[in-house]
1. Go through region 192-287 and name the chymotrypsin sites (Phe, Trp or Tyr not before Pro) that are in a DSSP coil and have 14 or fewer other Cβ atoms within 10 Å of their Cβ.
2. Excluding ligands, DNA and RNA, what is the solvent-accessible area per residue of the chain at a probe of 1.4 Å, expressed in Å²?
3. Quick one: what does P(r) look like for the chain with 20 Å bins over all Cα pairs, in whole %?
4. Round to a whole number: what % of the accessible area of the chain belongs to carbon and sulfur, probe 1.4 Å?
5. Which entries in 138/170; 132/212; 94/160; 32/94; 3/170 show an alpha-carbon gap greater than 29 Å?
6. Could you work out the relative contact order of region 377-504, using alpha carbon pairs under 8 angstrom and six or more residues apart, expressed as a whole percent?
7. Let me spell out the model: positive unit charges on the Cβ of Lys and Arg, negative unit charges on the Cβ of Asp and Glu, origin at the Cα centre of region 355-456. What dipole size does that give, in debye rounded to 20?
8. Hey, if you put +1 on the Cβ of every Lys and Arg and -1 on every Asp and Glu Cβ in the chain, which of 29, 383, 43 ends up farthest toward the positive end of that dipole?
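The values are calculated or read from the model by the stated rules, or taken from the named source; none is laboratory data. All values derive from a computational prediction rather than experimental measurement. Because the Cβ atoms are built from the backbone with ideal geometry, glycine has one as well, and the counts that use them run over all protein chains shown. To get the accessible areas, we keep the full protein, side chains included, count just its heavy atoms, and leave off ligands, DNA and RNA. Shrake-Rupley method; radii C 1.70, N 1.55, O 1.52, S 1.80 Å.
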Amino acid sequence: MVKFSSPVGRPVRLSEETRRFAQESLNAVYGKEAERTPYVDVTFEGDADEAYDAAIRAIAERAPLRVSDVELISGAATLGGAIEGYVPAAFDGKPIFAVTDHVTFGFDRALDEGVNAMEKEIDELAANADGKGKRFLKSLKNVAQSMRVWHGRYMAELEKRGSANARYLKRVPFSPPESFREAVQSLWFLFAFTRLTGNWSGIGRIDVMLGKYLKSDLDRGVLTLDEAREILAHFFIKGCEWITGKSNGTGDGQHYQNIVIGGCDEDGNDVTNEVSYLVLDIVEELPIGDFPITVRAGGNKRLIRRAAEVIRHGGGTVAVYGERTVIEAMTKAGYALSQARRFANDGCWEVQVPGETFFIYTPFDGYAIFQKALMSCDDGASYESVYDAFMRGVGDTAESIFRDWTKNAGYVDGKWTRGDCRPCAVASFFTRGCAVKGASYFNGGPVYNVISLHMGGLPDAANGLYALRKAVFDDKLLTVPQLKFQIANDWPDEVMRRTVFNRYKWYGNGDCSPDGADAVAARIVRDFAAVCRRLDGRCPVMFPAGISTFGRQADWAPYRDASAFGLKKGAILSGNFSATPGTDRDGVTALIRSYCTADLSLTASGAALDVSLSPSCVKGDEGTEAIASLIEGFVSQGGFFMQIDVTDAQTLLLAQQNPEAYRNLTVRVSGWNARFVTLNKEWQRMIIERARQCTE
């Protein structure tokens, strides 16, 4: 029997054949195969649009087909160039178009209405379009036609082999599905086509999309839950087709194919259904982290407990949204309530309305801005003057981002122009608004256009400000010049460094008093959100605040001085909105209290909390209850997004020493999972330090 490791032992529900298929996929068989054919060669005459159209058609016509005798659904993204981040078509030996990512396409519409209906709308719009509009709609038409070519090739191959899959692929995705298996096949084929053509999209709310089809089959008695689980498991297994086993810095699973389950619909009704639980069944049994799953945690206690049972197995596959806070944040930012209730993510964890949103985030190092404000202040500066200088720096950064993005987008005098927009017809085809407006995904076509400012190092900036106030102005351990000297010279006074670092409760220890470090962090969140709001209304783009690092704390470490709160130069500081390593001494519940001290409904893009738990803390029913209680507490206190990993530093250190023995050891990195051994040394160090923090 195929066995998959887990700290608490994985259940066995799927057939042995399906489990062997999973093992084969996890062992990089198909990713290595795709690497052998990275691109199709393309020639063309004309401009960039002509080149893109030719590329999509050539991919559909010539990409290798992959048909397995054991798979229950068909279609595969077989060109390795897409894995590397390109539209996998080479012109003169080189790819020229990059992937489109940080988006969740409108698979729900394509699934329920069918591609035929979408193509019909394009034809009707083209009949009345002007020259520029006709050209754009021609590219969208090419997407549908290319999908037909690819579909036809698969149908011919399946029929030649006498495969049962031909029956379930024949009608979809061009017509609406009539069964659960057709629906799963349709959704997979749509998703596989988008990634084959160089797009990294999230899946979105898979239980909303598939639940009604499963319910119909169950009610009619034509399918059992066990059969449905088997079919859906193949969706997840085939999603491992881009595993290569290679080390590439940030890991081999960063392809933005996240899934969201649970939560409410547009009218506020709970959508949780049997598909929600089948998803959790599958990732509990199979160690597949390539579809990171986030549960919209509202009032469904059964779903929360089931998620907790799966989280115990480690791998960081399942994370949590505080649904109430996310919806409140989005409505404050200007989304209609019905649209906010539809939220999923961008294929990472930043929230958006799926199928209707252009999204990009622009990160910056908030701690570096604080550091500059402190080190350039006058010797007689006050605490408030340093804080004000810090926030002026944040404001200047926001204005710079605004100027750069509006220029690059070609937004001039109240109108979108072509700007530096690259062709992106596949993304535009699957995004509402683009066809009707005659404008592409990158050129203002979607219903919502979002450029989110993400501050990194916010907990470190809060700790630095708190150190300034307490060590300098309240306790007078140092003067402003003395603190600046210690920072500039990497804390030569070791006694003073230890005194400052150990004396105070830094962010992450649950000190929610009005003058604590948590309150400083909450003030920064409030003022940063106000800076972002000042950008809204100046162009047809939303500029919501977000708090993240996505691992950049490792990249930023060499460029930061020693910290004002007693850490030496080169230390890896806080990740996302989590505590700085070594500073949270009072456990996970205290960390959640600190995080929730801030008004997270002001961060309409998101604010992530990373939590590591020791395997010894999650065993048995008591462990499940402990995780469920953490989730419920997180939600009730106003949490936005929490990603929980169950691992221990010793296991990770062993994996560093013997990577071959741990090649399928998955960890949560940030909005994605990765096999630990495919991270570079600095990113591995970051994950190990986070694991060392687990105390509950």
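1. Here no loop site has a sparse enough neighbourhood.
2. 35 Å²
3. 18, 52, 27, 3, 0
4. In the chain, the share of accessible area belonging to carbon and sulfur is 49 percent.
5. Violating the 29 Å Cα-Cα cut-off are 132/212; 94/160; 3/170.
6. Answer for region 377-504 is 17 percent.
7. Dipole magnitude for region 355-456 comes out near 780 debye.
8. Working it through, the farthest residue towards the positive pole turns out to be 43.
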